[in-house]
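Worksheet: the structure to be examined is printed underneath.
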Amino acid sequence: MLPLVLQGVASGIVTGCVYALIALSLVIVYKSSDVINFAGGEMVMVGGYLGMFALLYFGLPYPLIFLFGALAVFLAGALFDRVVLTRVVGRSMPGQSVLVAMVIATVGLSYVLKGTVRLVPYTEDVRRLPPFSSGKPIFLGPVVLQQQDIVIVAAALAIMLALWGFFNFTMIGKALRATSQNPRAAALVGIPVRVMSMTAWGLAAALAGVAGILLAPKLLLTPDMGVIVILALAAAIIGGFTSLPGCVAGGILLGVIQNLAGIFVSSRAISLAPFLVIMIVLLVRPQGLLAGKVVAKKV
């Protein structure tokens, strides 16, 4: 039984790293605009399809595929903020909350992305990207991992480390943090708040797109694969919707819990486990495992 448990934990860490990336994209948007991006899953899906097109039609190697997918989805996220959300905010009445309208706009974006992908020929066919590496499996004691699993974990951890460095040691990263904490004060000291908002949306979209390419060799590519955003939401809630480290911990924890539920209960419990964990976390620690104290906010 112990080898089976260790195998489940290792596989859960691989899947959880991808959940963490998607959860990070949701939290970056939430911290910058107080909006939950319900199009996050469709951005993951678009990233996967862009990776497939870059491989099939341009013959790009995987490093360039990641760069191509990240840049394309970054532009889509930034344009959505600039073209749609700016107008939604601009047309609001004084004293009126626009959060509901902004959330509805993200729901609309999810349908636009899904419908656009369905217009492209052959996207209704179930597809999958080839593995990142097709070498022999790697044995770590009783645990067996495919080489592509190692690539997924390494890539996800490298992105998370780069994101940490970006937010802590670059001027743009610090400006994004300041804007998310207090937009009015950030504007008063000369930070271009609208540009920072576009950057946050583009960065979040790029993370989702990269996560889609990482998932494409493991999951089937379909226009409906965006439902994975529910698991990312679960990871963000578990770790704390205002905590970037919490998202990473929540994503990995969720992946491990899912696999262990499949081992000890049944395969049907895999889809149920995230929601049970959410209920437990909301009852015991509503702000999430690694978030700070709950602060009342007037909206």
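The values are calculated or read from the model by the stated rules, or taken from the named source; none is laboratory data. Please read these numbers as outputs of a predicted model, since none were measured by experiment. As a convention, Cβ positions derive from the backbone with ideal geometry for all residues, glycine included, and neighbour counts pool all protein chains shown.
Assess whether L163 counts as being closer than 16 Å to M43 by Cβ and either touching a His at 6+ places or on another chain (Cβ under 6 Å) or buried (at least 18 other Cβ atoms within 10 Å of the Cβ) (or both).
Values: closer than 16 Å to M43 by Cβ: no; either touching a His at 6+ places or on another chain (Cβ under 6 Å) or buried (at least 18 other Cβ atoms within 10 Å of the Cβ) (or both): yes.
For L163, the condition - closer than 16 Å to M43 by Cβ and either touching a His at 6+ places or on another chain (Cβ under 6 Å) or buried (at least 18 other Cβ atoms within 10 Å of the Cβ) (or both) - is not met.
Being more than 21 Å from the chain's Cα centre (by Cα) and of a type outside the set (A, V, I, L, M) is the filter here; which residues of segment 93-126 pass it? Even if it seems obvious, please write down each step before you answer.
Taking segment 93-126 as the starting set, the residues that turn out to be more than 21 Å from the chain's Cα centre (by Cα) are 93-98, 100-101, 118-126.
Result: P94, G95, Q96, S97, R118, P121, Y122, T123, E124, D125.
Could you check segment 93-112 and list, in sequence order, the residues that are surrounded by 12 or more Cβ atoms within 10 Å (Cβ to Cβ) and at positive phi?
Within segment 93-112, no residue meets the criteria.
For segment 33-50, name all the residues that are farther than 10 Å from A72 by Cβ, assigned to a helix (DSSP H, G or I) and modelled with pLDDT of 90 or more.
Of the residues in segment 33-50, the ones farther than 10 Å from A72 by Cβ are 33-45, 48-49.
In the following step, the residues that additionally are assigned to a helix (DSSP H, G or I) were identified as 33, 40-45, 48-49.
Selection gives G40, G41, E42, M43, V44, M45, G48, Y49.
Let me confirm something: among G141, G135, G115, which residue is out of contact with any strand residue (DSSP E or B) (no Cβ under 8 Å at 6 or more places or on another chain), loosely packed, with under 15 Cβ neighbours inside 10 Å, small (G, A, S) and at pLDDT 85 or above?
On the way: G141 fails: at pLDDT 85 or above; G135 fails: at pLDDT 85 or above.
Exactly one of G141, G135, G115 is out of contact with any strand residue (DSSP E or B) (no Cβ under 8 Å at 6 or more places or on another chain), loosely packed, with under 15 Cβ neighbours inside 10 Å, small (G, A, S) and at pLDDT 85 or above, namely G115.
Tell me whether segment 197-215 contains one or more residues that are closer than 20 Å to V88 by Cα, crowded, with 17+ Cβ neighbours inside 10 Å and either of a type in the set (S, T, Y) or without any contact (Cβ under 8 Å) to a residue 40 or more places away in the chain (or both).
Here is the first cut: in segment 197-215, the ones closer than 20 Å to V88 by Cα are 197-202, 204-205.
If we keep only those that are crowded, with 17+ Cβ neighbours inside 10 Å too, we end up with 197-202, 204-205.
Subsequent filtering for residues that are either of a type in the set (S, T, Y) or without any contact (Cβ under 8 Å) to a residue 40 or more places away in the chain (or both) retains 197, 199.
Yes - at least one qualifying residue is present in segment 197-215.
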